[in-house]
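This report concerns only the one structure given below.
The values are calculated or read from the model by the stated rules, or taken from the named source; none is laboratory data. Keep in mind that this is a model prediction, so the values were computed, not measured. Every residue, glycine as well, gets a Cβ built from its backbone with ideal geometry; the counts of neighbours run over all protein chains shown. Only protein heavy atoms, including side chains, enter the accessible area calculation; ligands, DNA and RNA are left aside. Shrake-Rupley method; radii C 1.70, N 1.55, O 1.52, S 1.80 Å.
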Amino acid sequence: MAETAGADELHLADRPVVLFDFDGTIADTSRAIVRTARKALERRGYDVDALGDLTSLIGPPLFDGFMNLCGVDLDEAIAITNEYRALFNVEVRPEDYPPLPGIPELLRALSERGTRIAVATSRLESMALDMIGALDLPPFETIVGRLEPGRDTKADCIREALRQLDVDPGSAVMVGDRKHDTQGAHACGVPCIAVYTGTAKPGEHEQAGADVICHGIPELAAALGVTLA
């Protein structure tokens, strides 16, 4: 069951703006990310099986993810990231990152209700625009991602999305699948609905202090006050 008492108390279903994370929230990019990361790390000479769980790369900026996963400095993390991006741009196709089941219906229900929907992602903005544009989804009012340099953190992306939408934090709610979404939203004064979709470890959202925690898209829809067809 979704922990929706917080949603009611905060009137999250009534907020006119919903910001969505992309990876693991809108689209199932996990297999594409893990496959590409494995190949990039192998090309850099790493014993991938000794590194641990590659799904830890889903959520944070890639530089940070590779630094934490490999225990390397920023320069090496940038080199791995560049290898990763070169592979991703060539090998990954829209069929490799389908929308999560129920997400297209949820987005349509929100749009038809008059809720403004947008994306705030830690993925590079240019890549996010291309990837989302290739999916059959209702249009987002804005899509904001990382810029290098200039927009480095999840909080930066959320803050810029609010600016582009010309709304204050009290008018919005963030939806995400990793602790970084909750942390970034709270840094901007925005509540976060965290949803377990298979990327976060058990207890991650509770530890991060998410305002509402859902287990799957139907519970997310209920927390947002819509019913999926």
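Read phi for every residue in the range 118-123 and hand back ³J(HN,Hα) as whole Hz from Karplus 6.51 cos²θ - 1.76 cosθ + 1.60, θ = phi - 60°, with x for Gly and Pro.
Result, rounded to whole Hz: 8, 10, 10, 10, 7, 6.
Give me the number: length gained by fully extending E112 to I78, i.e. 0.36 nm times residue separation minus the C-alpha to C-alpha distance, one decimal in nm.
Contour length minus the Cα-Cα distance gives 8.1 nm.
For the chain, what is the accessible area per residue in Å² when the probe is 1.4 Å?
43
When N counts the residues of the chain, how does its alpha-carbon radius of gyration compare numerically with 2.2 N^0.38 Å, as a ratio?
Against the compact-globule rule of thumb, the ratio is 0.98.
Tally Lys and Arg at +1 and Asp and Glu at -1 over the other residues with C-beta under 12 Å from the C-beta of P16: what net charge comes out?
Counting the neighbours of P16, the net charge comes to -1.
Around A134, with a cut-off of 12 angstrom between Cβ atoms, what is the net charge of the other residues, counting Lys and Arg +1 and Asp and Glu -1?
-3
What is the local net charge at E83, summed over the other residues whose Cβ is closer than 14 Å to its Cβ (Lys, Arg +1; Asp, Glu -1)?
Net of charged neighbours comes to +2.
Remind me, relative contact order of the chain in percent, using alpha carbon pairs under 8 angstrom and six or more residues apart?
Worked out over the chain, it gives 27 percent.
What is the helix-to-structure angle for 103-113, meaning the angle in degrees between its Cα long axis and the longest Cα principal axis of the chain, kept from 0 to 90 and rounded to the nearest 10?
For 103-113 against the chain, the angle is about 30 degrees.
Pick out which of E105, E148, E76 has the largest mean-square fluctuation in a Gaussian network model of the chain, springs linking Cα atoms closer than 10 Å.
Highest fluctuation among the options: E148.
Sort the range 93-192 into rounded, prolate or oblate with this rule: let a ≥ b ≥ c be the square roots of the eigenvalues of the Cα gyration tensor; rounded if a/c is under 1.5, and if a/c is not under 1.5, prolate when a/b is larger than b/c, oblate otherwise.
It is oblate, given that a/c is not under 1.5 and a/b is not larger than b/c.
Take the Cβ-Cβ distance between V90 and T142 as r, set R0 to 30 Å, and report the resulting FRET efficiency rounded to the nearest 0.05.
E between V90 and T142, to the nearest 0.05, is 0.60.
Restricting to DSSP H runs of at least four residues, report the calculated mean residue ellipticity at 222 nm for the chain, -39500 (n - 2.57) per run over all residues, nearest 500 deg cm²/dmol.
Theoretical 222 nm ellipticity from helices: -13000 deg cm²/dmol.
Between H11 and L129, with labels modelled 7 Å along Cα→Cβ, what's the label distance in nm to one decimal, could you check?
Those two pseudo-labels are separated by 3.5 nm.
Please compute P(r) over all alpha-carbon pairs of the range 43-134, binned at 10 Å starting from zero, and give each bin as a whole-number percent.
13, 39, 29, 15, 4, 0
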